[in-house]
Every structure is written in C-alpha cells, then in structure tokens.
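A.B. asks: Here it is, the structure in full.
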Amino acid sequence: MNQEKPDLPQLKEDLIAAIEVATSLDALDAVRVHALGKSGVITGLLKTLGGMAPEQRTEEAPKIQALRNDITGALAGKKAELEREELEARLATEKQDMTLPVRERPTGSVHPVGQVMDELAEIFADLGFAVATGPEIEDDWHNFTALNIPPSHPARAEHDTFYFGEDRTDEKGRPMMLRTHTSPVQIRTMTSQKPPIYIIAPGRTYRSDSDATHTPMFHQIEGLVIDRGITMGHLKWTLETFLKAFFERGDVTLRFRPGYFPFTEPSAEIDVGYSVDEKGRTVIGGAEKWMEVLGSGMVNRRVIEACGLDPDVWQGFAFGTGVDRLAMLKYGMDDLRAFFDGDLRWLRHYGFSAFDVPTLSGGVGA
Ligand code: DAH
C-alpha cells in the first residue's frame, strides 16, 4: 500500500483544472473515469480507508469524502454547461427559413367525379338552375311510390335495392333503403318549395351490382324543371345546350328515342353520336354509332299530383344520368371500378389540379 501521504489539495486542484479545460462531454467523462471510475484516483483513496487505524480514519475519511463530493459537483456543473453549449450550437446551425419555397410538390388532386360534378354545376348554373340535395338513406315513398313506382311495379325489380333491416323503417313500417337514383330529390324539392323550380341534383346512388361498368355506389345527376307552359321543346334545347357545353364541341349530335320511365310521360332516351378512331378512342360527334347518355321526359302528372301541385297549372321536364359514365366518356377511362380503388397512380394520372376550376369562360374541360 502506498504509505506516502497523498496531497489532497493538490489532487483537487489538478482535477478541477482538468474539468475546466474539458471541451466536450467525452473529454469530461474521461476525467470522471480517471477520478471516480473503478480504478480512479479518488476511488483508490477511499479504498485506503479500510486499512487505516480508527483514529487516522476518523481524520482522513471526511477529507477524502469532501474531495469526492467536490469533484462530483464540479463534474455535474461542467456537464450541464457543455450540454447547454451543445444544444445552443445545434439550434444555431439548424435554422429554419420559413420564407423558402416548399421542397415537396403537393400530390393531392381532384377526383374526376368531383371535377365533372363541378363542370355540370357550372353549366347548369349558367342556365339558371340551382343545386338541390337529398338524403342517401331514403324511404319507400320518396324513392319509389311518389315517382309513380307503386309497390307492385316491375321497375322496382330493376333497381337492385339495398334495404335496411327491420330496425330501420319508415313511418308505415316499410324498410328504409339506400336511394337507387337521384330522382327522389325531385319529390323532395317539389314538396318543399314552390314552383317555378329549376334544379339539378348531383349525388351518390346505390345498387347491388358490380362489373366493369357498374359499382354498388355510383353517381347520378338529376335535373328538374317545373313551371308554366313547359314543353318538350324546352327539354330538347336544354339537353342539347348542356351536352354541347359538356363535351365542348358545337357538333354534338343527339338522337331522341322513345323510352319508358314511370315518372315521365312521354319519356325519351337520348343518345350521343360518336365514332372510334384508329387508336380505339371514342370521338364524340357524327352519326356513325350511338350511345345512350340520358334518360328524360315530361314529368308525369301523377308525380306532380303526388307532390301536392296541380298538373293543369304546372308542367315540367326531368332528366337523369350517370356522372361516372359521363366522366369515363369525356376523359377516356374504361373501368369504372378503378374510380373507387384509391390507387394513387390512377388518381395522379386522371386527377385534376385544384386550380383547374371549371368555368364557362375558361372552358369546362381540362
Ligand atoms: N332515375 C332514372 C334511373 O336511375 C334516370 C332518369 C330517367 C331520371 C328519366 C329522370 C328521367 O329524371 O326523367 O335509371
């Protein structure tokens, strides 16, 4: 054992000096290990206490322990100081310039269905139509009966309706359903506002059907005009004007075919002429081929009556079509299911910029 009496004041001075000059946390830790580590100098001194005579130990122990406490305190103080300096240095270099332009390009886009809905609203707003809405969960009367589709009517079978269970019924105990078309908005509008009525009603509709051109949820747009002295001529002009604006060409050709819908009488189905180019793309115009795009007709007297209006005073026309189908036709998409898959690559390809707001003056197309 080292019998030489250690010079504690000198040792303290040396250690404090070493602590003072440490410029990094690593360097400071080296001083700690040198003083207080397992084989550190102060640790060694503490070990000598055990071999001392009791009276010598009583004299030496407080000095050595005081030294240990002083060094421990000095180490902690220096450590806090170095950590603070390190943080300050980091904050100084990690400056953020809030005036810099964003580095990432925003990837969000407007879905083609939303874009086409905006286009339709723009076209019809220009013709004086307001936008009306109705609930997606409908009752039997609005979705069918008031539209001249009574319970036994065969048209009900064509609608592949999603019904709710017994716990969700209307006041007559009939099950509620997901609306199968936007036509119930005609009823809701006629029973809640006074004519003249000029509205379109875009929205979600549901049928239990799924393939390349049908999805269980799809979008329709309904149109309704109720006024005095409305004739089929008004219907024809309105739909012609609409389709020319939508396809952005004056040479759109239309064919009105007699059709049947319970809520219109007479009814007409409207076809748009088109051809297929050498690349297999659909080109609107001409009379080579025909494709059905709209259902329409003069509002049936029974529907006007069901809404509490006098059909001898008020007449009108209505039309309805699939928004998704219009979007597919205009922007050349061939599988409807892709509309609702949420595939980012599809959305980037077919999506629209949020700045691409359809206006009649700037063009409703992209
Ligand atoms: N509601 C019809 C359907 O879903 C579409 C329709 C046809 C709406 C003729 C109309 C109309 O307003 O007059 O098949």
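A.B. asks: Within the stretch 175-187, is even one residue more than 20 Å from residue 307 (Cβ to Cβ) and among the hydroxyl-bearing types (Ser, Thr, Tyr)?
C.D. replies: The answer is no; no qualifying residue exists.
A.B. asks: Right, another one. So for the stretch 292-303 (the condition being away from the ligand (no atom under 16 Å from the Cβ), acidic (Asp, Glu) and open to solvent by 50 Å² or more (accessible area, probe 1.4 Å)), does at least one residue qualify?
C.D. replies: From the stretch 292-303, those away from the ligand (no atom under 16 Å from the Cβ) are none; that's our starting set.
Looking through the stretch 292-303, none of the residues is away from the ligand (no atom under 16 Å from the Cβ), acidic (Asp, Glu) and open to solvent by 50 Å² or more (accessible area, probe 1.4 Å).
A.B. asks: Shifting gears a bit: Among 123, 149, which is the only one that is in a helix (DSSP H, G or I) and touching a helix residue (DSSP H, G or I) at 6+ places or on another chain (Cβ under 6 Å)? Please lay out each step first, then the result.
C.D. replies: Numbers: 149 fails: in a helix (DSSP H, G or I).
Selected residue: 123, the only one of 123, 149 that is in a helix (DSSP H, G or I) and touching a helix residue (DSSP H, G or I) at 6+ places or on another chain (Cβ under 6 Å).
A.B. asks: Moving on. Among the residues of the stretch 1-24, which ones are aliphatic (A, V, I, L, M), loosely packed, with under 14 Cβ neighbours inside 10 Å and closer than 17 Å to residue 78 by Cβ? Working first, answer last.
C.D. replies: Filtering the stretch 1-24 down to residues aliphatic (A, V, I, L, M) leaves 1, 8, 11, 15-19, 21-22.
Within this subset, residues satisfying the condition of being loosely packed, with under 14 Cβ neighbours inside 10 Å are 1, 17, 21.
Those that are aliphatic (A, V, I, L, M), loosely packed, with under 14 Cβ neighbours inside 10 Å and closer than 17 Å to residue 78 by Cβ: 17, 21.
A.B. asks: If you don't mind, there's one more thing I want to ask. How many residues are of a type in the set (A, V, I, L, M, F, W, C) and part of a strand (DSSP E or B) if we restrict to the stretch 206-236? Break it down stepwise before answering.
C.D. replies: Quick first cut of the stretch 206-236, residues of a type in the set (A, V, I, L, M, F, W, C) only: 212, 217-218, 221, 224-226, 230, 232, 235.
With part of a strand (DSSP E or B) added as a condition, the list becomes 217-218, 221, 224-226.
Residues flagged as of a type in the set (A, V, I, L, M, F, W, C) and part of a strand (DSSP E or B) within the stretch 206-236 amount to 6.
A.B. asks: Given the condition under 30 Å from residue 310 (Cα atoms) and either touching a Lys or Arg at 6+ places or on another chain (Cβ under 8 Å) or open to solvent by less than 20 Å² (accessible area, probe 1.4 Å) (or both), answer yes or no: does some residue in the stretch 207-215 qualify?
C.D. replies: We begin by selecting, within the stretch 207-215, every residue under 30 Å from residue 310 (Cα atoms); these are none.
No.
A.B. asks: Would you check which residues across the stretch 259-274 are away from the ligand (no atom under 16 Å from the Cβ) and either open to solvent by 30 Å² or more (accessible area, probe 1.4 Å) or touching a Cys at 6+ places or on another chain (Cβ under 9 Å) (or both) and list them? Break it down stepwise before answering.
C.D. replies: Here is the first cut: in the stretch 259-274, the ones away from the ligand (no atom under 16 Å from the Cβ) are 273-274.
Once the filter is applied, which keeps residues that are away from the ligand (no atom under 16 Å from the Cβ) and either open to solvent by 30 Å² or more (accessible area, probe 1.4 Å) or touching a Cys at 6+ places or on another chain (Cβ under 9 Å) (or both), the stretch 259-274 yields only 274.
A.B. asks: Follow-up. Identify the residue in the stretch 307-352 that is surrounded by fewer than 21 Cβ atoms within 10 Å (Cβ to Cβ) and of a type in the set (Asp, Glu) and, among all such residues, is farthest from residue 258 (Cα to Cα).
C.D. replies: Per the criteria, the residue is 343.
A.B. asks: Next question. Can you find a residue in the stretch 100-107 that is at negative phi and open to solvent by less than 80 Å² (accessible area, probe 1.4 Å)? Steps first, please.
C.D. replies: Applying the first criterion (at negative phi) to the stretch 100-107 yields 100-107.
Next, from what is left, pick out any that are open to solvent by less than 80 Å² (accessible area, probe 1.4 Å): none.
No, every residue in the stretch 100-107 fails to be at negative phi and open to solvent by less than 80 Å² (accessible area, probe 1.4 Å).
A.B. asks: Next question. How about the stretch 152-168: which of its residues are in contact (Cβ under 8 Å) with a residue 60 or more places away in the chain and either assigned to a loop (DSSP other than H, G, I, E, B) or acidic (Asp, Glu) (or both)?
C.D. replies: Taking the stretch 152-168 and keeping what is in contact (Cβ under 8 Å) with a residue 60 or more places away in the chain, we get 153, 155.
153 - this is the single residue of the stretch 152-168 that is in contact (Cβ under 8 Å) with a residue 60 or more places away in the chain and either assigned to a loop (DSSP other than H, G, I, E, B) or acidic (Asp, Glu) (or both).
A.B. asks: If you scan the stretch 1-48, which residues turn out to be in contact with an Asp or Glu (Cβ under 8 Å, 6 or more places away or on another chain) and under 23 Å from residue 89 (Cα atoms)?
C.D. replies: Across the stretch 1-48, the qualifying residue is only 25.
A.B. asks: Would it be correct to say that residue 75 is assigned by TED's automatic domain parsing to the domain that holds residue 48 and surrounded by 17 or more Cβ atoms within 10 Å (Cβ to Cβ)?
C.D. replies: Numbers: assigned by TED's automatic domain parsing to the domain that holds residue 48: yes; surrounded by 17 or more Cβ atoms within 10 Å (Cβ to Cβ): yes.
Yes, satisfied.
A.B. asks: I need the full set of residues from the stretch 264-320 which are under 16 Å from residue 332 (Cβ atoms) and not in a strand (DSSP E or B), in order please.
C.D. replies: Listed by number, the residues that qualify are 277, 278, 279, 280, 281, 285.
A.B. asks: Whether any residue in the stretch 218-226 is surrounded by 18 or more Cβ atoms within 10 Å (Cβ to Cβ), within 13 Å of residue 318 (Cα to Cα) and of a type in the set (D, E, K, R) is what I want to check.
C.D. replies: Yes, some residue in the stretch 218-226 is surrounded by 18 or more Cβ atoms within 10 Å (Cβ to Cβ), within 13 Å of residue 318 (Cα to Cα) and of a type in the set (D, E, K, R).
A.B. asks: Just to be sure I understand, how many residues within the stretch 169-198 are under 17 Å from residue 131 (Cβ atoms), within 16 Å of the ligand (Cβ to nearest atom) and free of Cβ contacts under 8 Å to residues at least 60 places away in the same chain?
C.D. replies: Residues that pass the stated criteria total 5.
Results for (1) away from the ligand (no atom under 16 Å from the Cβ); (2) under 36 Å from the mean Cα position of the chain (by Cα); (3) not aromatic (Phe, Trp, Tyr), shown as yes or no for each residue.
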| residue | (1), (2), (3) |
| --- | --- |
| 307 | no, no, yes |
| 313 | yes, no, yes |
| 318 | no, yes, yes |
| 329 | yes, yes, yes |
| 334 | yes, yes, yes |
| 339 | yes, yes, no |
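A.B. asks: Of all residues in the stretch 157-199, which are basic (Lys, Arg) and either more than 22 Å from residue 323 (Cα to Cα) or touching a Pro at 6+ places or on another chain (Cβ under 7 Å) (or both)?
C.D. replies: Filtering the stretch 157-199 down to residues basic (Lys, Arg) leaves 168, 172, 174, 179, 188, 194.
Across the stretch 157-199, the qualifying residues are 168, 172, 174, 194.
Conditions tested, residue by residue: (1) charged (D, E, K, R); (2) open to solvent by 90 Å² or more (accessible area, probe 1.4 Å); (3) in contact with a Cys (Cβ under 8 Å, 6 or more places away or on another chain).
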{"residue": "109", "(1), (2), (3)": "no, no, no"}
{"residue": "119", "(1), (2), (3)": "yes, no, no"}
{"residue": "133", "(1), (2), (3)": "no, yes, no"}
{"residue": "136", "(1), (2), (3)": "yes, no, no"}
{"residue": "159", "(1), (2), (3)": "no, no, no"}
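The values are calculated or read from the model by the stated rules, or taken from the named source; none is laboratory data. All of these numbers come straight from a predicted model, not from anything done at the bench. Cβ coordinates were reconstructed from backbone atoms using ideal geometry, including for glycine residues, and neighbour counts include every protein chain displayed. Please note that ligands, DNA and RNA were not included when accessible areas were found on the heavy atoms of the full protein model with its side chains. Shrake-Rupley method; radii C 1.70, N 1.55, O 1.52, S 1.80 Å.
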